[in-house]
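Here's the structure we're looking at; comments come further down.
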Amino acid sequence: MDIVIVGILLGGAYALMAMGLQLQYGVAKIMNLANGEMLVAGSFAAFWFFTSAQVSPLLAILVVAPMAFIFNWLVYKIFMRYLVKKARSEGQLEVNSILSTFGQSFILVGLMLALFGGEYFSYSYLEKPYTLFGQPYELNRVVAFLFAIFFCCVLYFWLNRTRLGLTLRAVSVNPEASGLVGIDVPNISALAFGLGGAVTAVGGSLLSMFLTFDASVGVIFTMKALVIVIMGGVRDIRGTILVAFILGLTETAVASLIDPGLTLAAAYLLFILILLFRPEGIFGKRST
């Protein structure tokens, strides 16, 4: 039971982290390898607000999310939009975006190293026991999980029940046809890229409440987000949420029962199995 609860608590934060990449890759068609660095930037922002001004990381989200949105929106408008225009196919855009965002990740790491240095960071927030099913768990993990689930539900409802959210889904399914019916595809893609960055930064703020981090750890979160998005199905947010919990449970089980150093190996093994037996993802549709 302890493994299940800890895995679910971790999976909630992973879901929010991966949903940001799912918006950027699924809608804007940008394979963003700087996604993990945006998460770490959100963690550093929450750390700075808490240690400098004693502002709760939960309240810091009100500042972190808009700033991350504006930053990512500008990145798309200034850098990524040019790649979209020049790409002759979706495959070429994917390759170009990988190369571009790979370089952007190094820039972000360098900036964070210059600002905060290379040491590890953590802070004490809600580090008190909270009893679930007769077992004590850290309250910060529980609170982070509840906020992550709240944001996931809001985003899911927005994408499926609002006009703008349905517009994003339409662009995700078929950008060319969306343009033919009057949808401003470039602006919708910029919106999705900015929103994805904001969601990722919020995930970083929540993860910072109970995880130790440094400026260079973003690549690990990028790989985990990629695993979750591809396993779940690039265009379906339900798969992203489900696989995030599967990954959280898998990592927790491996760390508890075998060796904490094998958690990444277990994640990639799960990823390879999905690619072998269902390459379109759990909720993806097979091409005809």
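The values are calculated or read from the model by the stated rules, or taken from the named source; none is laboratory data. Please read all numbers here as calculations on a predicted model, not as lab measurements. Cβ sites come from the backbone with ideal geometry, for glycine too, and all protein chains shown count toward neighbours.
For segment 62-95, the set of residues classified as of a type in the set (Val, Ile, Thr) and touching a helix residue (DSSP H, G or I) at 6+ places or on another chain (Cβ under 9 Å) consists of Val63, Val64, Ile70, Val75, Val84, listed by residue number.
Of all the residues in segment 220-269, those that are closer than 19 Å to Ile98 by Cα, buried (at least 18 other Cβ atoms within 10 Å of the Cβ) and of a type in the set (Val, Ile, Thr) number 6. Hey, could you check segment 28-59 for residues that are closer than 16 Å to Leu211 by Cβ and of a type in the set (A, V, I, L, M) and say which is surrounded by the fewest Cβ atoms within 10 Å (Cβ to Cβ)? My answer is Leu58.
Within segment 76-86, one or more residues are charged (D, E, K, R), within 22 Å of the chain's Cα centre (by Cα), at pLDDT 85 or above and within 22 Å of Gly20 (Cβ to Cβ). Counting the residues of segment 157-168 that are surrounded by fewer than 17 Cβ atoms within 10 Å (Cβ to Cβ) and assigned to a helix (DSSP H, G or I) gives 8.
For segment 185-214, the candidate set comprises residues that are within 15 Å of Ile30 (Cα to Cα) and hydroxyl-bearing (Ser, Thr, Tyr); within that set, the residue that is surrounded by the fewest Cβ atoms within 10 Å (Cβ to Cβ) is Ser189. Would you check if Ile30 is among the β-branched types (Val, Ile, Thr) and over 25 Å from Val219 (Cβ atoms)? In short, no.
Which one is farthest from Leu207 (Cα to Cα) among residues in segment 125-147 that are surrounded by 13 or more Cβ atoms within 10 Å (Cβ to Cβ) and aromatic (Phe, Trp, Tyr)? The residue in question is Tyr130.
Based on what the data block shows, is Leu113 touching a Ser or Thr at 6+ places or on another chain (Cβ under 8 Å), within 22 Å of Ala215 (Cβ to Cβ) and assigned to a helix (DSSP H, G or I)? Here the answer is yes, as Leu113 does meet what is asked.
Surrounded by fewer than 21 Cβ atoms within 10 Å (Cβ to Cβ), of a type in the set (Val, Ile, Thr), over 17 Å from Ile30 (Cα atoms) and in contact with a helix residue (DSSP H, G or I) (Cβ under 8 Å, 6 or more places away or on another chain), is that true of Val217? So Val217 fits the description; yes.
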